[in-house]
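Notes for the one structure printed next.
The values are calculated or read from the model by the stated rules, or taken from the named source; none is laboratory data. Predicted model only: the values in this text are computed from it and were never measured. Here the Cβ positions follow ideal geometry from the backbone for every residue, glycine too, while neighbour counts run over all protein chains shown.
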Amino acid sequence: MLLSGCGDSSEQAPAAAQPLPAVSVVEVARQPVTPSVSFTGRVVAVDKVDLRARVTGFLEQRRFTEGGDVQKGDLLFVIEQPPFEAEVAQVQAQVARAQASLAEAQATLGRIQEAVKSGAVSQQELDQATAAEQVAQADLLAARAQLETAQLNLGYTEIRAPIGGRIGRSIYSIGNLVGPDGGVLATIVSQDPIYVTFPVSTRILLDAQRRAQKADALVVRVQLPDGTMYQHPGAIDFADIQVDEGTDTIDIRAQLANPERLLVDGQFVTVFVETEQPQQAIVITQSALQIDQAGPYVLMVSPEDKVEQRRVQTGEALDGRVVIASGLSEGERVIVEGLQKVRPGQEVQATLMPASAPAGTAAGAEADGGAAPPTGAAGGEPAAPAAEPGAAASESEPAPQSAQ
């Protein structure tokens with residue numbers, strides 16, 4: 001009888017109930033986001049001038065520092081001037097001779113005109129004197145044109161900066177023979193402002209135009225080669241009128257301020273084009289988004305604390321977060337931690353996390369094969385872990401020393 005009673009009591013002991021899986025959720029809410037698209041761009045100077053000699057001569061002076069700044073009108077090169085000065089003097093003498101010839105022809109014409117009135121000379125002599133006076137006038141005009149050309153050539157011996165900017169290295173040293181066919185002497189590029197050009201596919205361009213409606217609503221930001229963001233934003237000021245048939249892209253140009261001279265002509269940069277004003281959109285952490293053969297989805301907790309699968313359409317990715325274009329509504333609870341422990345239809349114990357929780361928390365916890373500790377415990381301490389199924393340790397049994 002004693003054995004039978006013991007057997008009955010052991011059979012009637014209730015089995016220990018397993019705790020519900022713990023998950024962390026975030027309430028869906030709209031947040032201000034700034035959609036952006038990145039491109040690979042190239043820095044281009046607004047103005048760029050290749051300096052060339054317009055007359056042939058020996059280079060006599062170089063009046064600038066290579067790599068330095070120059071102002072518009074600064075004297076940069078001087079070509080040997082005495083040969084051109086001598087030519088000017090020679091043509092000036094020709095002008096004086098032509099002026100004397102013209103004065104003589106005019107005086108002769110005047111005397112013949114008076115003689116014609118008295119009948120002392122014939123009409124033929126008058127015609128010859130008139131023609132001689134006109135020839136003298138033409139000779140004077142030709143001499144003056146030659147003088148102007150000689151003075152221009154003398155002026156071309158001084159090469160001045162047509163624009164302000166930064167000048168590169170000098171190709172020729174002093175003493176070299178330079179001329180129109182001798183190549184570039186040096187190059188000047190403007191520094192501030194400066195252009196950034198980048199190719200954009202027609203699909204992306206149409207989408208951006210529909211969202212922004214006008215070009216001045218788009219802001220261009222540049223990321224420097226070291227990964228830092230350039231502090232001066234720019235604006236698009238030109239779009240090419242033709243599409244590149246090989247790449248189906250259009251060249252877009254933006255203008256940016258460059259007071260610190262950090263952007264250099266020909267430099268490669270990363271270009272971000274974004275809207276000027278933030279837009280309200282539903283955003284979730286990237287770790288909450290799941291993808292299968294049917295597309296992206298999220299796991300949610302219903303008002304009855306049961307897991308639901310919800311298909312969504314995604315938008316832009318924003319630094320560990322992703323915009324949800326459709327599929328979610330404000331106030332719904334999305335699972336961000338504990339995704340691997342649950343399945344649709346399962347009842348769970350949900351802990352609400354703040355919307356500003358780090359996006360990488362859930363991903364780091366799941367990478368270790370378990371869920372991150374819930375943050376709803378009092379005092380901010382992690383909740384105690386649930387007992388494993390089948391644990392037989394008694395509550396009165398002391399803890400082992402190695403657990404300390």
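With on the phi > 0 side of the Ramachandran plot and under 26 Å from the mean Cα position of the chain (by Cα) as the only criterion, which of G331, G266, G315 stands out?
Being on the phi > 0 side of the Ramachandran plot and under 26 Å from the mean Cα position of the chain (by Cα) holds for just one of G331, G266, G315, which is G266.
Exactly one condition in (1) in a loop (DSSP other than H, G, I, E, B); (2) surrounded by 18 or more Cβ atoms within 10 Å (Cβ to Cβ); (3) not hydroxyl-bearing (S, T, Y) is false for L154; which is it?
Unmet for L154, out of (1) in a loop (DSSP other than H, G, I, E, B); (2) surrounded by 18 or more Cβ atoms within 10 Å (Cβ to Cβ); (3) not hydroxyl-bearing (S, T, Y): (1).
Find the residue count for the range 114-133, including only residues that are under 30 Å from T149 (Cα atoms) and surrounded by 13 or more Cβ atoms within 10 Å (Cβ to Cβ).
Of the residues in that region, 3 qualify.
Does any residue in the range 151-177 that is polar (S, T, N, Q) come within less than 8 Å, Cβ to Cβ, of a residue that is assigned to a strand (DSSP E or B) and surrounded by fewer than 16 Cβ atoms within 10 Å (Cβ to Cβ) six or more places away or on a different chain, and which pairs are these?
N176/F58
For Y297, all conditions in the list (1) without any contact (Cβ under 8 Å) to a residue 12 or more places away in the chain; (2) assigned to a strand (DSSP E or B) hold save one; what is the number of the exception?
Result: Y297 passes all but (1).
Give Q280, Q290 a once-over and let me know the one that is out of contact with any helix residue (DSSP H, G or I) (no Cβ under 9 Å at 6 or more places or on another chain) and not hydrophobic (A, V, I, L, M, F, W, C).
Q280
Among (1) acidic (D, E); (2) out of contact with any helix residue (DSSP H, G or I) (no Cβ under 7 Å at 6 or more places or on another chain); (3) assigned by TED's automatic domain parsing to the domain that holds A105, there is one condition D181 misses while meeting the rest; what is its number?
So the condition that D181 fails would be (3).
Being part of a strand (DSSP E or B) and of a type in the set (S, T, Y) is the filter here; which residues of the range 159-187 pass it?
Within the range 159-187, just T187 meets the criteria.
Looking at the range 275-291, can you tell me whether even one residue there is assigned to a strand (DSSP E or B), without any contact (Cβ under 8 Å) to a residue 40 or more places away in the chain and closer than 30 Å to D69 by Cβ?
no
Quick one: which residue in R144, R111, R97 is more than 51 Å from the chain's Cα centre (by Cα), basic (K, R), farther than 30 Å from S190 by Cβ and surrounded by 14 or more Cβ atoms within 10 Å (Cβ to Cβ)?
It is R144.
Across the range 84-101, what is the number of residues that are closer than 29 Å to I163 by Cβ and not hydrophobic (A, V, I, L, M, F, W, C)?
1
So, in the range 295-344, how many residues would count as being basic (K, R) and surrounded by 17 or more Cβ atoms within 10 Å (Cβ to Cβ)?
Residues that pass the stated criteria total 2.
Only one of L299, L318 is modelled with pLDDT under 85 and not assigned by TED's automatic domain parsing to the domain that holds V200; which?
Checking each option against the conditions leaves just L318.
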